[in-house]
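Here, each number is a calculation from the coordinates, and none is a lab measurement. Note that the structure is a prediction, hence the values are computed from the model and not measured. We place every Cβ from the backbone using ideal geometry, glycine too, and count neighbours over all the protein chains shown.
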Amino acid sequence: YEHILMEPDPVPAYALKLLVAMTEHNPTYTRTCVRLPTSLQPCHQNLLLNFEIWPIRQIRLVEESRLIPLIFEVILEHQESMLGNTMQSVIALLNNLVTCKDSNMKLLYEQGLVSHICNMFTETATLCLDMDNKNNELATTLLFSLLDILHSMLTYTSSVVRLALQSQKSGSGGDTQAAEDLLLLSKPLTDLIRLLIPL
């Protein structure tokens, strides 16, 4: 995948679409579509279990195969065309990663997720405010996806900070320094509120 993501356009866009499909997870849809007849369910339980956790495995695969820095490189190379297919797929992929409860958010933060989200959010919000932009509907759709990502990131930050505060109050000696560092790292995300006011 590393080589494919670094290929000239439109190859990265197709590679990212495949990654989006691999990391998407809709348990309700999965259970509905693969539900077996009752008589077959006991002997196929392992098969169903493997099918259910397949998207989570793909997310771990993305994290462990060091694709995150390459995905961020793709963002840097295509940030001039925020509404292009490649950036749409990048945003969809990041949305899948941050909304999955099994994602390694610490790793994503360490590799620069916050700055990339802030840059993409700023660029997309600017396009939404541009009255001359003919693709305003697409820009708005992307902004909603970025808002979902932002919500997941802020939820993660608040949960880490809350746990640290609870540990501190109970005297169990939680790692408050890590929570403080995360809070500082997440500050640019809260600053994005100024971009939402005109919208």
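What the table shows:
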item: K169 paired with K187, simple spin-label distance in nm, labels 7 Å along Cα-to-beta-carbon; result: 2.5
item: S159-L199 FRET efficiency (beta carbon distance; Förster radius 35 Å; 0.05 resolution); result: 0.85
item: Rg/Rh ratio calculated on Cα atoms of segment 111-163 (Kirkwood radius); result: 1.11
item: Net charge of neighbours whose Cβ lies under 15 Å from the Cβ of N136, counting Lys and Arg as +1 and Asp and Glu as -1; result: -3
item: Kirkwood hydrodynamic radius of segment 106-199, from inverse mean 1/r over distinct Cα pairs, in Å; result: 14.7
item: Cα convex hull of segment 141-194 - mean projected area over all directions, nm²; result: 3.9
